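A.B. asks: Quick one: the structure is below, questions incoming.
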Amino acid sequence: MLSLPSDWLPSAPLEHLHLDWLTQANIHVVVLRLDLIDPLISGNKWFKLIEHLAVADLAGAQGIISLGGAHSNHLHALAAAGKRFGFPVVGLLRGHPQETPTVLDLQAFGMQLHWLGYGGYRARHEPGFWLPWRAQYPHLQPVPEGGGGLPGARGCAGLLAMARDQLGALGWNDYDGWWLAAGTGTTLAGLVLAEAGAHPVYGALAVPDDHGVARQVEAIIQEAGLCNPAYELFDGSRGGFAKVDPALLEFIRLTEQASSVPLEPLYTGKALMALKQQIEAGRFAPGARLIFVHTGGLQGRRGFAVADQH
Ligand SMILES: *Cc1c(COP(=O)(O)O)cnc(C)c1O
């Protein structure tokens, strides 16, 4: 009932990224443009949903119930998918009712919203949290915040083949690693699983170090039974999740001007800026070739001027 049309196979273009600081350091970067997979269903959140939808379908569910904030890229992708493919979606939101551009989209896509307040939202990891929601929506499958966990990671494993299929056309026969933004680390874990140690995956943390990302990545890797993971995490949060500073905004402006790749300040802008810092610190040898994953999230930038800092 929740099965997706077999002819909808989103694919992201892989493109060279030309920027002065990369040229000067003799580091080669190509970008996997997940922001371009679809006008509405953008970014890594779609790939994180694929396996959750398959699990829900197997369980006989008719739709999905999940949670997120008032700028959530996850809820946005989920609501857009529900509208596109005709399955019901319910969103449990953090905080009190507000009309951000994201929330207006969720409503326009037909997602049913419940606002949990801040305390109610913090209870989401408690054992009994889902019971009343399962009782109210017995035909919907709960999906964790952001589409995380092993199913979320498995859905992202397909990104490896998607990039590899396009490398030859760009004149690359191999590469030295991946670079991407990490929030929960689920997308990174998916690439780590797909690579199985063949190439390292570098994650620029969009959240402070104490958010337990390393632990979550380890948990996914262990659950999948992979013994030789190759990955490394760097702090890219610039003082906290959703903290935005003038140097970051200037970096994004200059990058967009020079490359025409649009970035947002919470994930992709910070991730590319963290890469620049690591290159300046000598982390990569001249000649290194990296695949940067543009994880999308551009819808959220409409609201970042009023982004809540929770
Ligand atoms: C959610 C998100 C991320 C983080 O993905 P994780 O799998 O949670 O690490 C990165 N970039 C964008 C644009 C996102 O929306």
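Quick note: the coordinates plus some simple rules give every number you see, no bench work behind them. Keep in mind that what you see is a predicted model, and the values were worked out from it rather than measured. Methodologically, a virtual Cβ is constructed for each residue, glycine included, from the backbone with ideal geometry; neighbour enumeration extends over all protein chains shown.
A.B. asks: Would you mind estimating how fast the range 75-187 diffuses translationally, via Stokes-Einstein at 10 °C and 1.306 mPa s with the Kirkwood radius over Cα pairs, in µm²/s? If you can, show how the numbers build up before the last one.
C.D. replies: Values: Rh = 16.8 Å.
Answer from the Stokes-Einstein relation: 94 µm²/s.
A.B. asks: Residue by residue, what Karplus-based ³J(HN,Hα) values in Hz, rounded to whole numbers, does the range 13-30 have, using 6.51, -1.76 and 1.60 with θ = phi - 60° and x for Gly and Pro?
C.D. replies: x, 10, 9, 5, 10, 10, 9, 3, 5, 6, 4, 4, 8, 6, 10, 9, 10, 10
A.B. asks: No solvent, one uniform scatterer per C-alpha: report log10 I(q)/I(0) for the chain via the Debye equation at q = 0.16 1/Å, two decimals.
C.D. replies: Debye curve over Cα of the chain, log10 I(q)/I(0) at q = 0.16 Å⁻¹: -1.42.
A.B. asks: While we're here: Taking H as built 1.01 Å from N, whose amide H comes closer than 5 Å to the amide H of Ala204, not counting residues under 5 places away?
C.D. replies: Those lying under 5 Å, H to H, from Ala204 are Leu180, Ala181, Ala182, Phe234.
A.B. asks: While we're here: Give me the three principal axis extents of the range 39-96 from the C-alpha atoms, as integers in angstrom, largest value leading.
C.D. replies: 33, 25, 18
A.B. asks: To continue, here is another question. Calculate the dipole size of the chain relative to its Cα centre from +1 charges on Lys and Arg beta carbons and -1 charges on Asp and Glu beta carbons; express the result in debye to the nearest 20. If you can, show how the numbers build up before the last one.
C.D. replies: Working: 21 positive and 27 negative charges, 101 e Å.
Approximately 480 debye in magnitude.
A.B. asks: What is the Cα coordinate range of the range 78-129 on the first, second and third principal axes, sorted by size from largest, in whole angstrom?
C.D. replies: Computed over the range 78-129, the largest-to-smallest principal extents equal 32, 24, 11 Å.
A.B. asks: Same structure, new question: Could you state the principal axis extents of the C-alpha atoms in the range 1-143, from the largest down, to the nearest angstrom?
C.D. replies: For the range 1-143, the Cα spread along each principal axis is 58, 37, 30 Å.
A.B. asks: While we're here: Mean projection of the alpha-carbon convex hull of the range 160-310 over all orientations, in nm²?
C.D. replies: 9.8 nm²
A.B. asks: On the Cα set of the range 180-239, report Rg and Dmax in Å, please.
C.D. replies: Considering the range 180-239 through its Cα atoms, Rg and Dmax are 10.8, 34 Å.
A.B. asks: What's the angle, to the nearest 10 degrees (0 to 90), between helix 246-259's Cα axis and the longest principal axis of the chain?
C.D. replies: Once rounded, the angle reads 70 degrees.
A.B. asks: Once the Cα atoms of helix 73-85 and of the chain are each reduced to a long axis, what angle between those two axes, in degrees from 0 to 90 to the nearest 10, is obtained?
C.D. replies: The angle comes out at about 60 degrees.
A.B. asks: Next question. Cα-based Rg of the range 1-84 per 2.2 N^0.38 Å, rounded to two decimals?
C.D. replies: Details: Rg = 16.7 Å, N = 84, 2.2 N^0.38 = 11.8 Å.
The value comes to 1.41.
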